[in-house]
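What follows is one structure encoded as structure tokens, with my remarks underneath.
Just so you know, all these numbers are worked out from the coordinates, no wet-lab data involved. Keep in mind the model is a prediction, meaning the values are calculated, not measured. Here the Cβ positions follow ideal geometry from the backbone for every residue, glycine too, while neighbour counts run over all protein chains shown.
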2 protein chains.
Amino acid sequence: MVTDTPKRQVTLDEVAERAGVSRSAASRVINNAPHVSRAKREAVLRAVDDLGYVPNATARALATQQVGAVVLAMSGEDPAMFADPFFAEVVVGISSVLEETDLELVLSLATSTRGQARLEQLLRTHQADGVMLMSLHGDDPLATLANKSSVPVVFGGRPLTFEPRYYVDADNRGGARAATEHLVATGRRRIATITGRLDEGAGMARLQGFQDALAVAGQDGGRVAHGDFSEDGGSRAMDELLERYPDLDGVFIASDQMAIGALRALGKSGRSVPGEVGIVGFNDIATARHTAPPLTTVSQPINSLGREMARMLLDLMAGNDPSPLILPTRLVIRESA
Amino acid sequence: MVTDTPKRQVTLDEVAERAGVSRSAASRVINNAPHVSRAKREAVLRAVDDLGYVPNATARALATQQVGAVVLAMSGEDPAMFADPFFAEVVVGISSVLEETDLELVLSLATSTRGQARLEQLLRTHQADGVMLMSLHGDDPLATLANKSSVPVVFGGRPLTFEPRYYVDADNRGGARAATEHLVATGRRRIATITGRLDEGAGMARLQGFQDALAVAGQDGGRVAHGDFSEDGGSRAMDELLERYPDLDGVFIASDQMAIGALRALGKSGRSVPGEVGIVGFNDIATARHTAPPLTTVSQPINSLGREMARMLLDLMAGNDPSPLILPTRLVIRESA
DNA sequence: CTGAAAGCGCTAACAA
DNA sequence: TTGTTAGCGCTTTCAG
């Protein structure tokens, strides 16, 4: 027979009474603070056990002014974007470090204005002990808000408009440079790029990396078409590129999704990959291994990104002053370039 | 100039004082309860505005005994499994309905024993007003625990060991049946299956659907190999199938990931798809459109699954008694069968 | 319609 | 090492 969970909550007072000690003594035991005699400590523990006492987190939060939760907030107009496996992986990373603590993870996908307002409120009302902010677009008001918030905030990725004090980012620029250098090294001479959204830090950084590499190689970095990270966007951008630069022989594409779209467009135009044009993507999504041909791409340490964000936040909450982090990316060479 | 967020929290008392009313009156206004004169109401609202008052959620929670949060818990031994886009999509669905309410979403990935313990505690201590539970394996102790929990619980998918009172599930059995019927209808006569984990409801249901279809068609439903939903598992299972039934001409595979592995194994063995053997997968993951050949598969309404789980939970929390839901699946015919 | 007062369950000075 | 005493900020009877 399992002890049935009692309907009403067992309070600390009841435990104290049962154990024959004061409430504060009981409290000390629960939080294993010092200044409790061994005898009393054991009595309390026994009472806890008998009664099935479990501390009330809310009451504790009210008393300590600490919520016991951190929030991961992502803003953006399109709810569907969160379905990106990228986020799932980040969450797994974060979760794995939080699991070692007593903090809960609350997820806030702020898409609608309503959602944004809630997030804003969350930041103002100390409903969380810390905040992780991801994927801020353009001049997201959230960024400013977060900055003047009194709770610790760490950014995942860097917004365009300012450099946050605390952030962890992937080396997008370096990854893009490596990707482009690979194109150069394999003999491509008329290289173009399809960018991501340029109102996002990652989109811009990848464009810069592309240009860095071509500048160093002494090649023309002017062949650029704008995409939006989506498959269709990639396809459209590729069409545009093909029309403007029919003789291009290499393309660095700022996301694998776009690269998949581009592959389609390339196929329609009758170009062979990697024969006539080599392409390299970014992100190393699962599908990248199954396209035809398999995609050469840049892999990000997504899980680590989440992990490090969480660690940094914890550090911050502990009163330390951690340094920002930039995580290395890695070129994964497959067959498309 | 933006009003600076004051460091200390503005309390209701301060608002009341500023507005020249009692605290209870102020409280009523905030929660727009009746019995407040128009004049007072406006005075309070003005004070709120002037002071930048925002209610303290924790205090409110303590007073009302309502946390203002629901948790989405997923248990399972492998942290990586949460990286599955499936979960991301479910979360998006849930989030979209929660956004209309004032509830926060806390995410609990209980992988380690530590994590499980925390979840357990969460359930016992009323740290949430409701719980959504997903992907329970075998005889997960969580299931029992959740069942005798005093907070409303809705299941995503059905565990094997018992039929929960409240759940929303996809029609796995029906989907598998449709998939298999398609194989039959396209002339396959020696059809096998690769199952998922059979200690999961979905895995078992898909096997049953397979058998249903073959029984109706009067064919042999005995060609089965066991997989674990993973790509490698699918590949291994396909090898096994090929060895045992070299003449098979169709395979229903309980997940696209496994189907991808199977495709690889089939290629190695020199079989053509769909020429010599037709295959159909399950889930319609993004990659399914890009395999060679593109995968015929069963699509689940994942977003709706999340959505309906949230709705059902809300309903439950409102004191109603909703009926379980089974969401239809849909066969997506591409080129692999 | 209005306000006083009694909690919600826990923590943390402070005094003993 | 102990226990007493105030709170934390909000809600909610219950009289008026």
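Tabulated results
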read-out	value
For chain A, with +1 on Lys and Arg beta carbons and -1 on Asp and Glu, the positive-most of A:Phe162, A:Val151, A:Leu242 along the dipole	A:Val151
Packing-based order for A:275-286, B:34-45, using average beta carbon neighbours within 10 Å, highest first	A:275-286, B:34-45
Descending Cα extents along the principal axes, the protein assembly as shown, whole Å	77, 67, 56
Label 7 Å beyond Cα on the Cβ vector: A:Gly275 copy-to-copy distances, nm	2.0
Inter-chain shielding of B:146-159 (mean C-beta neighbours from other protein chains, 10 Å cut-off)	1
Candidates A:Ala117, A:Ala254, A:Ala80: whichever shows maximal mean-square fluctuation once chain A is modelled as a Gaussian network with Cα springs under 10 Å	A:Ala80
For A:Glu335, inter-copy label distances in nm, listed shortest first [label point 7 Å out on the Cα-Cβ vector]	1.4
Beta bridges by DSSP in the protein assembly as shown, antiparallel share as percent, to the nearest 5	10
Cα Rg, Dmax (largest Cα-Cα span) when computed across the range A:172-299, Å	12.5, 34
Other protein chain Cβ atoms within 10 Å, averaged over every residue that makes up B:89-99	5
Peptide-level mean, for B:109-117, of C-beta atoms on other protein chains within 10 Å	3
Largest-first ellipsoid semi-axes for chain B, taking √(5λ) over the Cα gyration tensor eigenvalues, angstrom	53, 19, 17
Between the range B:173-217 and the range B:270-310, the Cα center-to-center distance that results, in Å	14
Across the identical copies, how the A:Pro324 labels are spaced - nm, sorted shortest first, 7 Å along Cα→Cβ	5.2
Net charge dipole size for chain A [Lys, Arg +1 and Asp, Glu -1 on Cβ; Debye, nearest 20]	560
Cα gyration tensor, the range B:12-63 - rounded (a/c under 1.5), prolate or oblate	oblate
Euclidean distance between Cα centres, the range A:102-130 to the range B:17-89, Å	12
